[in-house]
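Below: the structure, in structure tokens.
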Amino acid sequence: MKQYQNRGRIIYFIITTISLIYIVKLFYIQVINKDYKFSAKNNALRYEVQQPVRGLIYDRDSVLIVANIPAYDLVIIPRELKNKIIDTLSFCSLLNISKIEFINRYEKALAYSSYKESVFIKHINLKDASRLAVKLFQYPGFHLRKITMRDYPEEIAAHVIGYLGETNAKILEKNKYYTKGDLVGVSGIESAYEKELRGVKGMAIKLVDVLNRDQGKFQEGKFDTLPIAGNTIISTIDVSLQKYTEKLMQNKKGAIVAIEPKTGEILTLVSSPSYKPSELIGRKRSENYLSIIKDKNKPLFNRALQGVYPPGSIFKLINGLIALQEGVVDKNDLFFCNNGYEYEKNKKIKCHPHKSPVSLEKSIEISCNTYFCSIFERYFSKFENTNTAYSNWYSHVSSFGVGNFMNNDFTSGNKGKLPKKSYYDNLYKNSWNSKTIISMSIGQGELLLTPIQMANIAAIIANKGYYITPHIVKKIENKIDIDKKFKIKKYCSIEKKYFDPIIDGMQSVIKGSEGTAKNSIIKDIEICGKTGTAQNPHGKDHSIFIAFAPKEDPKIAIAVYVENGGWGSDWAAPIASLAIEKYLTKKIIRNNLEKYIIKGNLLQ
């Protein structure tokens with residue numbers, strides 16, 4: 001009997017102990033441990049990605065050109081909405097969208113993921129977000145995510161800055177950093193320096209109740225991570241010059257590129273027609289984008305880097321340098337011009353009437369076609385055969401960056417066209433010579449350059465033989481230096497001593513009595529330039545001008561290309577001279593010329 005009494009005590013002890021354990025555990029769950037308390041009151045933890053603030057962009061003098069303003073994205077998690085009843089019409093009215101659009105956006109989000117968040121409506125301003133926030137508890141699965149939106153205090157340099165676009169499937173598959181709805185740089189600095197500008201995302205864990213209302217941070221933010229803002233970028237652009245050159249090119253089609261010769265820093269880059277950077281942000285971005293891409297003048301197309309054009313007479317400078325380097329002509333050699341150059345019987349490249357004979361300097365001043373056709377033929381006659389002559393000529397020309405990608409740092413450009421020997425071998429079945437390609441002597445034929453390549457040629461001549469790859473970024477926050485390749489001098493194949501007669505000729509283009517750009521003279525500034533007129537089979541010829549200034553210790557090298565502008569002296573040269581005047585003197589004295597250029601409309 002005593003034995004059973006002991007067993008009873010043991011059983012009682014066990015039951016009492018187990019009960020105490022449950023009581024203590026319940027006390028711990030209900031009173032001490034907040035996790036269970038929260039779980040009782042809430043359905044879920046919401047993991048919210050914290051978007052970093054995108055890096056700012058400044059001009060070379062620290063003038064802000066790209067900033068940020070607060071905004072919100074409306075985000076959806078489809079599984080939280082699934083099988084829930086909501087007033088769809090009221091919600092659509094609140095967002096100012098149609099029911100069909102609501103369904104399309106929901107299905108798109110569901111197709112991406114039922115449990116991952118994706119953006120339902122992008123870039124809601126602060127006022128609209130505040131109005132939406134007070135009613136959002138009625139719509140499970142939706143919440144607002146705080147972001148920043150690009151802002152443009154200056155509304156300039158659209159092709160330099162570039163724009164942002166939503167990540168596509170290819171980007172999402174390739175780069176796990178991004179999630180659906182993220183913005184990524186599409187062009188310009190925004191694209192090329194995406195990693196530096198985007199920053200690092202953070203993560204906030206929030207508690208939400210059954211009505212999808214925010215109940216605060218999970219465990220007081222113990223597991224949250226803060227976003228890291230993107231780096232600030234100092235660009236090489238001069239805001240004042242950029243504004244002015246864009247004004248000069250309004251209602252015209254073409255491009256301007258200006259470079260600081262000694263550094264390769266791009267001072268201004270204009271592609272016209274253009275668009276306002278602010279048109280590609282906010283809720284109207286898609287609508288504006290469609291309108292822009294439908295514009296027949298192609299404002300999104302970067303003519304400065306991607307447009308390819310015949311260089312016309314500005315290319316005579318390179319052929320003159322090659323002739324001097326190869327010893328086939330002396331700067332004092334004279335050539336007669338009889339209104340053109342007859343390279344075959346009854347085949348003639350025409351030239352405008354002028355006094356004859358002419359030297360190298362004078363031929364540059366008046367842009368004599370005959371002179372450069374003659375030295376081109378003389379150059380080829382120096383060699384045993386056409387193949388050797390052309391290969392050597394090709395090597396010289398390519399050393400000026402012609403026919404090569406510029407490999408700048410912000411937008412993929414076009415390498416233009418410098419035909420290889422094999423091109424002519426195939427075209428003419430190995431039966432060709434210098435007369436076949438005589439138009440290359442004056443910058444016509446198959447030769448095509450981009451405006452940035454033309455500006456780079458001006459910089460090479462200004463530097464008497466070298467260039468630094470043109471680039472758009474001067475400094476990046478938290479980085480010691482920019483890419484080393486933007487510090488290296490690249491030398492062309494022409495010796496320094498041969499540049500002086502070319503430069504003297506370029507000075508005469510402006511100051512000479514018969515100079516083709518004497519209408520572009522600037523008091524107290526020695527400009528060295530060369531006009532060009534490129535034949536256009538589709539309409540009026542193109543107006544071209546390259547220059548640098550001042551003659552001694554050049555501070556700016558520039559190329560201007562105006563489509564359908566006629567002679568180089570008509571539009572390109574005056575535009576370039578005004579840009580030079582603005583950059584070097586910070587003011588404009590030739591007000592009548594300025595008014596004429598700004599009012600000029602070549603798009604009509």
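The values are calculated or read from the model by the stated rules, or taken from the named source; none is laboratory data. Note that the structure is a prediction, hence the values are computed from the model and not measured. So basically every Cβ, Gly included, is an ideal-geometry build from the backbone, and we count neighbours across all protein chains shown. Heavy atoms of the whole protein, side chains included, go into the accessibility calculation; ligands, DNA and RNA do not. Shrake-Rupley method; radii C 1.70, N 1.55, O 1.52, S 1.80 Å.
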Counting only residues that are β-branched (Val, Ile, Thr) and in a helix (DSSP H, G or I), which one in region 278-313 is surrounded by the most Cβ atoms within 10 Å (Cβ to Cβ)?
ILE292
Within region 556-587, take every residue that is out of contact with any strand residue (DSSP E or B) (no Cβ under 7 Å at 6 or more places or on another chain) and open to solvent by 30 Å² or more (accessible area, probe 1.4 Å) and give me the one that is farthest from ALA458 (Cα to Cα).
LYS587
How many residues does region 545-566 contain that are in contact with a Gly (Cβ under 9 Å, 6 or more places away or on another chain) and not in a strand (DSSP E or B)?
3
So which residues in region 314-358 are small (Gly, Ala, Ser) and in a helix (DSSP H, G or I)?
GLY320, ALA323
Suppose we filter LYS331, LYS316 for residues that are open to solvent by 40 Å² or more (accessible area, probe 1.4 Å), touching a residue at least 40 places away in the same chain (Cβ under 8 Å) and either farther than 30 Å from ILE156 by Cα or among the polar types (S, T, N, Q) (or both); which single one remains?
LYS331
Do you know which residues across region 135-170 are part of a strand (DSSP E or B), closer than 18 Å to PHE102 by Cα and charged (D, E, K, R)?
none
The correct count of residues that are without any contact (Cβ under 8 Å) to a residue 40 or more places away in the chain, in a loop (DSSP other than H, G, I, E, B) and either open to solvent by 40 Å² or more (accessible area, probe 1.4 Å) or over 18 Å from LEU197 (Cβ atoms) (or both) in region 171-183 is 3
If you scan region 412-441, which residues turn out to be part of a helix (DSSP H, G or I) and open to solvent by less than 20 Å² (accessible area, probe 1.4 Å)?
TYR424, ILE438, MET440, SER441
Report the residue count in region 223-274 for those that are assigned to a loop (DSSP other than H, G, I, E, B), of a type in the set (Lys, Arg) and open to solvent by 20 Å² or more (accessible area, probe 1.4 Å).
2
From the list SER374, SER356, SER367, which one is within 27 Å of SER513 (Cα to Cα), among the hydroxyl-bearing types (Ser, Thr, Tyr), without any contact (Cβ under 8 Å) to a residue 24 or more places away in the chain and touching a helix residue (DSSP H, G or I) at 6+ places or on another chain (Cβ under 9 Å)?
SER356
Residue within region 189-201 that is of a type in the set (S, T, N, Q), open to solvent by 40 Å² or more (accessible area, probe 1.4 Å), under 30 Å from VAL63 (Cα atoms) and in a loop (DSSP other than H, G, I, E, B) present:
no
